[in-house]
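The values are calculated or read from the model by the stated rules, or taken from the named source; none is laboratory data. The model shown is predicted, which means the values in this text are computed figures rather than measured ones. Ideal geometry is used to build each Cβ from the backbone, glycine not excepted, and the neighbour counts take in all protein chains shown. Calculation scope for accessible area: heavy atoms of the full protein, side chains included, ligands and nucleic acids excluded. Shrake-Rupley method; radii C 1.70, N 1.55, O 1.52, S 1.80 Å.
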Amino acid sequence: MASRRGNAKTREQSDKYSVLLPTYNERDNLPLIVWLLVKYFGESGYNYEIIVIDDGSPDGTLQIAEQLQKIYGADKILLRPRAKKLGLGTAYIHGIKHASGNFIIIMDADLSHHPKFIPQFIEKQKEGGYDLVSGTRYRGDGGVYGWDLRRKLISRGANFITQVLLRPGASDLTGSFRLYKTEVLKKLVEQCVSKGYVFQMEMIVRARQLGYTVGEVPISFVDRVYGESKLGGNEIVSFLKGLLTLFVTT
Ligand SMILES: Nc1nc2c(ncn2[C@@H]2O[C@H](COP(=O)(O)OP(=O)(O)O)[C@@H](O)[C@H]2O)c(=O)[nH]1
Ligand SMILES: [Mg+2]
């Protein structure tokens, strides 16, 4: 194993992985997620950078991020804040502009997405040359932990309705833990019209449409321990609207 990692270190150096971390009130989670990212990238030897996109969090997430930048270095932790909460979709678009890697990893900063899966995403991508690799809670060893019945039903329901309406051929459409080839992500983002949570689903639906290949890695998704989810009734309504828009336009 050690020698394989050693080989990987010398072999893969032309590849760089930019991790986009959108944050809104994640001061308690950010130090841990960054520590875990540094740990797993360090162990697997892949070249990386972490781009924190904070939207003016009132809890001072940005100040925490500045401290982390001092600890880990400005080449590893990039801060690309925005003045106010402008939503997740545009946070990704903003982050992509600043990414220097030929691959981009998108994940939540609330510890629902564990960095330990990233080396598996990378290996999966290399194995099949995939344009994108999606974490899936709904295949293999994947799963969801800590959600109440309401949240589970919403997620399952959203996946089910989308599967039926759009047949995208991937098992987890609403998840947001994914790895993309940077140029593929840029093309997808250009095509996507939605801004809120529905963005994730639109991305994978459009990926299929454009003929991009999708690999999947089972992940366990753990509900956030610190802080609050931003998924409210409004998001559900806008998800359904977005889904219908996609249904009639694709
Ligand atoms: N920059 C930015 N990040 C956001 C915004 N809304 C949510 N996030 C972040 O996006 C990720 C997912 O949000 P979260 O509330 O955990 O959604 P949930 O997991 O679906 O409940 C977390 O890292 C949040 O901090 C936003 O408007 N701007
Ligand atoms: Mg979350």
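Springs between Cα atoms under 10 Å define the GNM used for the chain, and in it the highest mean-square fluctuation of S238, S176, S229 occurs at S229. Between N234 and T213, the modelled label-to-label distance comes to 4.2 nm, taking each label 7 Å out from Cα in the direction of the beta carbon. Rounded to the nearest Hz, the phi-derived 3J(HN,Hα) couplings of the stretch 50-67 under the Karplus curve 6.51 cos²θ - 1.76 cosθ + 1.60 (θ = phi - 60°) are 10, 10, 8, 10, 9, 9, x, 4, x, 7, x, 4, 4, 5, 5, 4, 5, 5, where x marks glycine and proline.
In this structure, the amide hydrogen of T23, modeled 1.01 Å from its nitrogen in the peptide plane, lies closer than 5 angstrom to those of I53, D54, D55, counting only residues at least 5 positions away or on a different chain. Each principal axis of the Cα cloud of the stretch 8-77 was evaluated for its coordinate range; sorted largest first, these ranges are 43, 17, 17 Å. Sequence-distant contacts, meaning Cα pairs under 8 Å at least 6 residues apart, place the relative contact order of the stretch 80-174 at 18 percent. Based on the alpha-carbon gyration tensor of the stretch 161-219 and its eigenvalue square roots a ≥ b ≥ c, which shape applies: rounded if a/c is under 1.5, prolate if not and a/b is larger than b/c, or oblate? In terms of gyration-tensor shape, rounded. Under the shape rule built on the C-alpha gyration tensor, where the axes satisfy a ≥ b ≥ c, the stretch 69-212 is rounded, since a/c falls short of 1.5. Solvent-accessible area per residue in the chain equals 46 Å², computed with a 1.4 angstrom probe and all protein chains kept. Phi angles of the stretch 200-214 translate, via the Karplus equation with coefficients 6.51, -1.76, 1.60 and θ = phi - 60°, into HN-Hα couplings of 4, 5, 4, 4, 6, 5, 5, 4, 4, 4, 7, x, 6, 8, 10 Hz per residue; Gly and Pro are given as x.
Of the peptides 23-29, 159-165, the ranking by mean beta-carbon count within 10 Å, highest at the top, reads 23-29, 159-165.
Kindly identify the stretch 195-250 as rounded, prolate or oblate by the Cα gyration tensor criterion: order the square roots of the eigenvalues as a ≥ b ≥ c, call it rounded if a/c is under 1.5, otherwise compare a/b with b/c, prolate if a/b is larger, else oblate. Oblate. Semi-axes of the equivalent ellipsoid for the stretch 130-250, computed as √(5λ) from the eigenvalues of its C-alpha gyration tensor and ordered from largest down, come to 22, 18, 13 Å. Considering every alpha-carbon pair of the stretch 85-133, the percent of pairs per 5 Å bin, from zero through the bin containing the longest distance, is 4, 16, 23, 23, 23, 9, 2, 1. When Rg and the Kirkwood Rh are both derived from Cα coordinates, the Rg/Rh ratio for the chain amounts to 0.94. Here the label points at Q120 and W35, each 7 Å from Cα along the C-beta direction, are separated by 2.3 nm in the simple model. For the stretch 122-133, putting each phi into the Karplus relation 6.51 cos²θ - 1.76 cosθ + 1.60 with θ = phi - 60° gives couplings of 5, 5, 4, 4, 5, 4, x, x, 4, 6, 8, 10 Hz, in residue order, rounded to whole numbers and with x for Gly and Pro.
Taking the DSSP bridge list for the chain and keeping only pairs wholly inside it, about 25 percent are antiparallel.
For the chain, which whole percent of the accessible surface, found with a 1.4 angstrom probe, sits on carbon and sulfur atoms? On the chain, the fraction of accessible area on carbon and sulfur atoms equals 54 percent. Measuring nothing but how far apart in sequence close Cα pairs (under 8 Å, 6+ apart) lie, relative to its length, the chain scores a relative contact order of 22 percent. Database remark: amide H of T136 closer than 5 angstrom to the amide H of V217, I219 (H placed geometrically; neighbours at sequence offset of 5 or more, or on other chains; Pro and chain starts carry no H). Less than 5 angstrom separates the built amide H of W147 from those of D223, all sequence-distant by 5 or more or on a different chain.
Its Cα gyration tensor gives the stretch 40-123 an equivalent ellipsoid. The semi-axes, each the square root of 5 times an eigenvalue, are 22, 15, 13 Å from largest down.
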